[in-house]
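All of the numbers you see were taken from the coordinates with simple rules; none came from a lab. Values in this document were obtained by computation on a predicted structure and should not be read as measured data. Counting neighbours? That spans all protein chains shown, and the Cβs are built from the backbone with ideal geometry, glycine included.
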Amino acid sequence: MTPVIQARALTKTYGELVAVDGIDFEVAPGESFGLLGPNGAGKSTSMRMIGAVSQRTSGELTVLGLDPDTHGPEIRSRLGVVPQEDNLDTELTVRDNLIVYGRYFGIPRPVCAARATELLDFAELADKAKVKVDELSGGMKRRLTIARALINEPAVLMLDEPTTGLDPQARHVLWDRLFRLKERGTTLVVTTHYMDEAEQLCDRLVVVDHGRIMAEGSPADLIRTYSTREVLELRFGSTRNAQMAVELADLVDRHEVLPDRVLLYADDGEAVLARVRDRGLDPTTSLVRRSSLEDVFLRLTGRSLIE
Amino acid sequence: MSVDPARTATDELSYRDEALAAAVRPRRFGAWYVAEHRLRSMRAYGGTIVIGGIGQPLLYLLGIGLGLAAFLDQPIASGAHGPVSYLWFVAPALMASATITVALDEFTYAVLEGFKWRRLFWAMNASPVSPQQIATGMVIAVIGRMAFVAVAYGVLVVLFGATGSVLGALVTPFVAILGGLAFGLPLLAYSASIKNETGQFAVVQRFIFTPLFLFSGTFYPLATLPIWLQPIGWVSPLWHAAEVGRTLSYGSPPGAWPVWAHLLVLLVMAAVGWAVGRRIFVARLR
């Protein structure tokens, strides 16, 4: 499959600071690709380079078969961009935001108007069409931003931290909309520091830290490779966690101590919990859960995604 | 929605071709799309623009024509054929000050809104239009508003008989717009360079615009001022635009600067502001 995005040794430096440090990845048509990493990992910088608004310092980058350095307008005309910070025109109505934005792509006004109607339905904002953007909730603004990014029927939709700052319900509504796009075959590129978001939306992802790619694969692959099937979470109280972790270390191949809990990695969490109880230790709370990308990140970097 | 689910990898070539085709119009007309958006936003305060554009000249021309001019019994300025009425003298300067006021309105807060407060430029920037086109589009929209104000002024000037030449009055709006740009484009560049607004625009208003308005030979000939104050006029787009307008209205007295020299100063100021402004737009958005 010929990729829609292809990066080789892609690098961006700002003076001394290396924001993106020689990353390689490819995105296939129709794929939903994620960049997962903590704030400051270089995700947004990568997105800006793919979006042809920031020149790479070195390396190779091809988007839709074109070089962003020479064909910025061409690439941007086929991308949909959902930025991290909303930049809707708050003085215009919801509908006018879509129409005005469509004009930037040279789309004739009647076509913009027709698409705006469809997109407002898609974003479940049809009843807000004539409302000023200022009056929308955070979740509605995000949905409008996504609708706006679709006005040019983009080949690739790029979403930078799409649900940051939204409440859980608004996040689920948004994920549902994005999932529908994915089902329709839209190529998605998503950055996120939420593991659940990455698991929900991405077919394949790269874990990024300090501008480098730490691992690559589908969420399930990454969990299989870098973690166990299950995780046992135990809380003994913040003063005892570290000491208990030492006492329990021999029960499992790998464990982690977080400020508020001890994580024991095992394929059968209940069995390990039983052995913990056999030793007469009685944690305040215990929880057996499936491994997540959070565990993968912890394994790869020694740090939590959200700190 | 028309996202095509049947698209496959074999379409890679068509992705490229689609992109090449899709950018043709934005590459050519991008600045006009930005102007279209900006003019649409101006509609929000369209009433102010229209009432201000017609009301201000009306008040000035009435006030000066009926009041001040009647009070001055000696002519204070001369044209090619001797002394001229005060209203004739002051009308071209008032028109130029109106376009400069538009520049002060539009090239300050609207620019910061684009870069910072509402981040509108960043949204445009993600579309096919370039930073240069964003800057150009802002200017086109402002020229539109200036043209409205200047033409409204021109019509009233003719109706009030505030000009020595109706033909000249037809050309004066163009000069006033050039004056507005000579003031406005350097201001655009300055505004684009501001990262944090901490009252700079109030400073521009009080310490640049107001002195220019008062010391640019707006209400009396520049030569009336002591020589050490006259340089304010020489660097003032208002003075240069007003002087050209006066020449168009009633000719210039002996010893006046030639029209081409005034126009040259205006063009240079506008061109430098424009070149610097575009560079700052590119630097910030790329």
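Scanning chain B for helices, which whole DSSP H stretches are 18 Å or more long along the axis (Cα) and average 0.0 or more by Kyte-Doolittle?
Both cut-offs are met by B:46-62, B:86-106, B:131-159, B:166-193, B:259-285.
Under unit Cβ charges (Lys, Arg +1; Asp, Glu -1), what dipole magnitude, rounded to 20 debye, does the protein assembly as shown have relative to its Cα centre?
The calculation lands at about 1760 debye.
What is the magnitude of the charge dipole of region A:137-235 about its Cα centre, with +1 placed on the Cβ of each Lys and Arg, -1 on the Cβ of each Asp and Glu, and no other charges, expressed in debye to the nearest 20?
320
At R0 = 60 Å, how high is the FRET efficiency between residue A:172 and residue B:223 if r is their beta carbon distance? Nearest 0.05 is fine.
Once the sixth-power term is evaluated, E becomes 0.20.
Can you work out the base-10 log of I(q)/I(0) for chain A at q = 0.16 1/Å, using the Debye formula on its C-alpha atoms alone?
-1.23
Along each principal axis of its Cα atoms, how long is the protein assembly as shown end to end? Whole angstroms, biggest number first, please.
Cα spread of the protein assembly as shown along its principal axes, largest to smallest: 112, 55, 46 Å.
For residue B:17 and residue B:260 in one chain, what is 0.36 nm times their gap in residues minus the Cα-Cα distance, to one decimal in nm?
Here the segment from residue B:17 to residue B:260 would lengthen by 82.5 nm.
Compare A:139, A:51, A:165 in a GNM of chain A, Cα atoms joined below 10 Å, and give the one with the largest fluctuation.
Evaluated over chain A, the most mobile residue of the options is A:165.
Per-residue ellipticity at 222 nm for chain A, helices alone: DSSP H runs ≥ 4 residues times -39500 (n - 2.57), over residue total, nearest 500 deg cm²/dmol?
Value at 222 nm, helices only, nearest 500: -10000 deg cm²/dmol.
If the elastic network links every pair of Cα atoms under 10 Å, which of B:68, B:94, B:238 fluctuates the most in the Gaussian network model of chain B?
B:68
Would you be so kind as to identify which of B:281, A:166, B:50 lies farthest towards the positive end of the dipole of the protein assembly as shown, taking Lys and Arg as +1 and Asp and Glu as -1 on Cβ and the Cα centre as origin?
Looking along the dipole axis, the top candidate is B:50.
Mind checking the dipole of chain B: about its Cα centre, +1 per Lys or Arg Cβ, -1 per Asp or Glu Cβ, Debye to the nearest 20?
560
Which order results if A:107, B:76 are arranged by neighbouring Cβ count within 10 Å, fewest first?
Listed from fewest to most nearby Cβ atoms, that is B:76, A:107.
Go ahead and run the numbers for FRET between residue A:301 and residue B:58, Cβ-Cβ distance against an R0 of 60 Å, rounding to 0.05.
0.30
Using only the alpha-carbon atoms of chain B, report the extent along each of the three principal axes, biggest first, to the nearest angstrom.
85, 37, 32
Rounded to the nearest Å, what's the spacing between the alpha carbon centres of region A:25-77 and region B:186-225? Just the number, please.
First find each Cα centre; the distance between them is then 43 Å.
Give, in nm to one decimal, the length gained when the segment between residue A:268 and residue A:113 is fully stretched (0.36 nm per residue of separation minus the Cα-Cα distance).
50.2 nm
Let's test the formula: R0 of 25 Å, r as the Cβ-Cβ distance of residue B:208 and residue B:271. What FRET efficiency results, to the nearest 0.05?
The pair residue B:208/residue B:271 has a calculated efficiency of 0.80.
Distance cut-off 30 Å, Cα to Cα: go down the list A:130/B:116; A:182/B:195; A:182/B:116; A:141/B:116; A:132/B:116 and report the pairs above it.
From the list (A:130/B:116; A:182/B:195; A:182/B:116; A:141/B:116; A:132/B:116), the Cα-Cα distance tops 30 Å for A:182/B:195; A:182/B:116.
What value in Å³ per residue do you get for the convex hull of the alpha-carbon atoms in region B:1-155?
Considering the Cα atoms of region B:1-155, their hull volume per residue is 163 Å³.
Between A:97, A:87, A:39, where does the largest GNM mean-square fluctuation fall for chain A, given springs only between Cα atoms within less than 10 Å?
A:87
Among A:104, A:226, which comes first, second and so on when ranked by fewest other beta-carbon atoms within 10 Å?
The most exposed by this proxy come first: A:226, A:104.
What does the helix-only formula give at 222 nm for chain B: each DSSP H stretch with n ≥ 4 adding -39500 (n - 2.57), the total divided by the residues, and the result rounded to the nearest 500 deg cm²/dmol?
That calculation yields -22000 deg cm²/dmol at 222 nm.
P(r) of region A:228-290 in 5 Å steps, Cα pairs, percent per bin?
Using 5 Å bins, I get a P(r) of 4, 21, 35, 29, 10, 1 for region A:228-290.
Sorting A:13, B:136, A:187 on the 10 Å Cβ count, fewest up front, what's the list?
Listed from fewest to most nearby Cβ atoms, that is A:13, B:136, A:187.
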